[in-house]
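Only one structure is covered here, and it is reproduced in the block below.
Since every read-out is calculated from the coordinates, none of them should be taken as a lab result. Keep in mind the model is a prediction, meaning the values are calculated, not measured. Quick reminder, even Gly has a Cβ in these numbers, built from the backbone with ideal geometry, and neighbours come from all protein chains shown.
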C-alpha cells in the first residue's frame, strides 16, 4: 500500500497568511499551528502536511534575492523528507521569486508550487482556501511512485502555470496572474485536469542541485517615445552594471536614432549584456523582422524571444551568479534552461 505523500508548506508572508483582527480591523500574521482548525478541508486531502514559516513574514514588496536563497535552502535541506513543496507568498512579486527559484533549483524532480491570495484567509469571500487546497493537492499528485509535476509552478484562481512564464496582470481580480506565451499545466474545475504534454520533464540521471548565488548588478530599461540620450546613457553607465533587460516595442523594435544605437554598441563593446524583451504582455521578440530591430541583431543584442521580464531579470542574476563566461553568455541566455522561453 502506498504511503501518503508528505507536503511541506513554506510561509514567506503575504495576504494568504493574514487574518483580520475584527476588533481593530488590522491584518496580522496567520499562526500555522491553527491551520487545520481554520481550514478543516485540509484533513480530507490524501497527504501529510507540515509547515515552516519565515521568522519574520514579509510583504512581498520587500522580497529580495537573499530571501530567494532562504526559500531555496529550505527546499534543499528538506528535499529528501518531502514529496512536494507549497510556497505561500505575496502576489506582488510572486512571479519574480517563482522565476528565480526555477533557475536556482536545477534538475528538480518534485513540485514546488507557489500560491497566494487576493483576500486574507479569514475573509468571508477569500480566494485563499481554494488556492491553498488545490496547490497542496497538485503538489501531492503522484503517478507510478513519481511526482506528476517536477518543476516550479504557480497556482492561482483555478490554473497552474509554469512559474517562469507568469506575470501579475491584475491587482483587484482573483485572476491575478496570466501566462500569455505558454498554456496552463493544469486546470481545476469539477475535476483537476493535468496537461502532461506541457509539463517539464526531469532529465534522467541528473542530480538535484541548488544554486545559491544571484548577482544583482542588473537593471531594466523601458524604451518610450521621447526617451532622451542623457537618461539612456546614464542607465547604461551605472557603475558595476553587468546586464540590462531592454524592454522594446512589439516584436523587439527600438528607435533607430544614431545616438541610441551608438550608446548600445559602446555598452556591448565594453562587456554589458543587453537582452531584448518585448513590452507586450504576449508575443515574442523577432529581431530583424522589422527595420527597427535589424541594427540590434547586427550588434549582437541578446534575443529574449518570448521570455517575461520577470524571468529575464532573474535568469540574468542566475547566469551572472554562476559566472558564465562572456563568450558563452549570449548562447546560454538564448537557450531555454527551465522551459522559460521557446
Stretched out fully, how many nm does the piece from residue 144 to residue 174 gain, at 0.36 nm a residue minus the Cα gap?
-> 7.4 nm
Sequence-separation-based contact order of the chain, relative, with Cα cut under 8 Å and 6+ spacing, percent = 15 percent
Dimensions in Å of segment 200-288 - Rg and Dmax from alpha carbons = 16.4, 52
Can you give the extra length, in nm with one decimal, that the chain gains between residue 6 and residue 229 once fully stretched, where that is 0.36 nm per residue apart less the Cα-Cα distance?
-> 74.7 nm
For the chain, diffusion coefficient by Stokes-Einstein and Kirkwood Rh (Cα), 10 °C, 1.306 mPa s, µm²/s = 75 µm²/s
Restricting to segment 218-333, compute how many DSSP beta bridges are antiparallel as a %, nearest 5.
-> 5 percent
Given the options 212, 173, 273, which has the most mean-square fluctuation in a GNM of the chain, springs set between C-alpha atoms less than 10 angstrom apart?
-> 173
Taking the chain as a Gaussian network, Cα atoms linked when under 10 Å apart, which of 330, 193, 305 shows the biggest mean-square fluctuation?
-> 193
For segment 35-96, how big is the tail of P(r) above 16 Å, as a whole percent of Cα pairs?
-> 55 percent
Let me know the whole percent of all Cα-Cα pairs from segment 62-179 that are separated by more than 24 Å.
-> 22 percent
q = 0.25, 0.30 Å⁻¹: log10 I(q)/I(0) that the Debye formula gives for segment 176-236, counting C-alpha atoms only = -1.09, -1.20
For the chain, what is the mean residue ellipticity at 222 nm derived from helices alone (per DSSP H run of n ≥ 4: -39500 (n - 2.57); sum divided by total residues; nearest 500 deg cm²/dmol)?
-> -7500 deg cm²/dmol
Based on the alpha carbon coordinates of segment 80-119, what radius of gyration and maximum Cα-Cα distance (Dmax) apply, in Å?
-> 11.1, 34
Give the span of segment 6-210's Cα atoms along each principal axis, as three whole-Å numbers ordered largest to smallest.
-> 56, 37, 33
Relative contact order (percent, whole number), segment 6-210, Cα cutoff 8 Å, 6+ residue spacing | 22 percent
If you take the C-alpha gyration tensor of segment 266-322, multiply each eigenvalue by 5 and take the square root, what semi-axes do you get, largest first, in whole Å?
-> 19, 17, 7
Stokes-Einstein D in µm²/s, Kirkwood radius over Cα pairs - segment 61-105 at 20 °C with 1.002 mPa s viscosity = 194 µm²/s
Given the convex hull over the Cα atoms of segment 188-342, what projected area results after averaging over all orientations, in nm²?
-> 11.8 nm²
For residue 299 paired with residue 187, estimate the spin-label separation in nm (one decimal), with each label point 7 Å from Cα along the Cα-to-Cβ line.
-> 4.4 nm
Rounded to the nearest 0.05, what FRET efficiency is calculated for residue 195 and residue 342 with R0 set to 22 Å and r the Cβ-Cβ distance?
-> 0.85
Rg/Rg_globular for segment 211-251, with Rg_globular taken as 2.2 N^0.38 Å and Rg from C-alpha atoms | 1.38
When the chain is modelled as a GNM with alpha-carbon springs shorter than 10 Å, which of 221, 105, 88 fluctuates the most?
-> 221
Over segment 218-333, what is the relative contact order in whole percent, taking alpha-carbon pairs under 8 Å and six or more residues apart?
-> 26 percent
